[in-house]
Amino acid sequence: CPQIGKLPFDGGEAISEAEKTGGVNAGLAKFKELRAKFYGGQQYDFTDYALVGIATTALNQKRPDDAMKYLQANLEYFPKSSQTYQAMAQVKNAKGDKPGAVKDLETAVQLDPQNNQAKNQLQQLKGQ
């Protein structure tokens, strides 16, 4: 019986550990392993936010190519994830691909018209 107030572990620690020893491919392999084993259970978070969070960490660590690999993998599971496209736009913008960033933000807003953060980022990027 699950404890009240106990949040499911997001898997990020296990993936980060795998990534430290084997790089982004090991991190993705660990995510896929955990997802195959535990999907549908309460132990791990397999929503579209899980890999977006790991990708954001990679981007903050100045590893945009790794971040993009996580996000592309996320789209395999969540092809309509507004958050994933929004995060991809941040990676592309960090790499200097403004047109690609604009396109991804437009997709994010199209998928979720209520995503005000993506709308604001899109307006800022188009206004630059």
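Going by what's in this entry, would A58 be described as in contact with a Pro (Cβ under 9 Å, 6 or more places away or on another chain), open to solvent by less than 20 Å² (accessible area, probe 1.4 Å) and within 25 Å of G27 (Cα to Cα)?
Taking the combined requirement at face value, the residue satisfies it.
Pairs needed: first member in the stretch 16-37, in a helix (DSSP H, G or I); second member anywhere, among the acidic types (D, E) and at pLDDT 85 or above; C-beta distance under 7 Å; at least 6 residues apart or different chains.
Short answer, once both residue conditions are applied: V24/D66.
Within the stretch 86-98, does at least one residue satisfy the condition of being open to solvent by 30 Å² or more (accessible area, probe 1.4 Å), in contact (Cβ under 8 Å) with a residue 24 or more places away in the chain, more than 15 Å from P64 (Cβ to Cβ) and part of a helix (DSSP H, G or I)?
no
For the stretch 1-48, how many residues meet the condition of being modelled with pLDDT of 75 or more and acidic (D, E)?
Looking only at that region, the number is 3.
Suppose we filter L125, L105 for residues that are in contact with a helix residue (DSSP H, G or I) (Cβ under 9 Å, 6 or more places away or on another chain), part of a helix (DSSP H, G or I), aliphatic (A, V, I, L, M) and farther than 21 Å from D48 by Cβ; which single one remains?
Being in contact with a helix residue (DSSP H, G or I) (Cβ under 9 Å, 6 or more places away or on another chain), part of a helix (DSSP H, G or I), aliphatic (A, V, I, L, M) and farther than 21 Å from D48 by Cβ holds for just one of L125, L105, which is L125.
Return the residues of the stretch 59-84 that are within 12 Å of the chain's Cα centre (by Cα), at pLDDT 90 or above and charged (D, E, K, R); say none if nothing qualifies.
D66, K69
Search the stretch 52-80 for residues that are within 17 Å of K95 (Cβ to Cβ) and pair each with any residue that is at pLDDT 90 or above and surrounded by fewer than 18 Cβ atoms within 10 Å (Cβ to Cβ) when their beta-carbon atoms are under 6 Å apart and the residues are at least 6 apart or on different chains.
P64/A94; P64/K95
The values are calculated or read from the model by the stated rules, or taken from the named source; none is laboratory data. Here the structure is a predicted model, which means the values were calculated and not measured. In this analysis, Cβ positions are derived from the backbone assuming ideal geometry, glycine residues included, and neighbour counts consider all displayed protein chains. Surface accessibility is based on the protein's heavy atoms, side chains included, excluding ligands, DNA and RNA. Shrake-Rupley method; radii C 1.70, N 1.55, O 1.52, S 1.80 Å.
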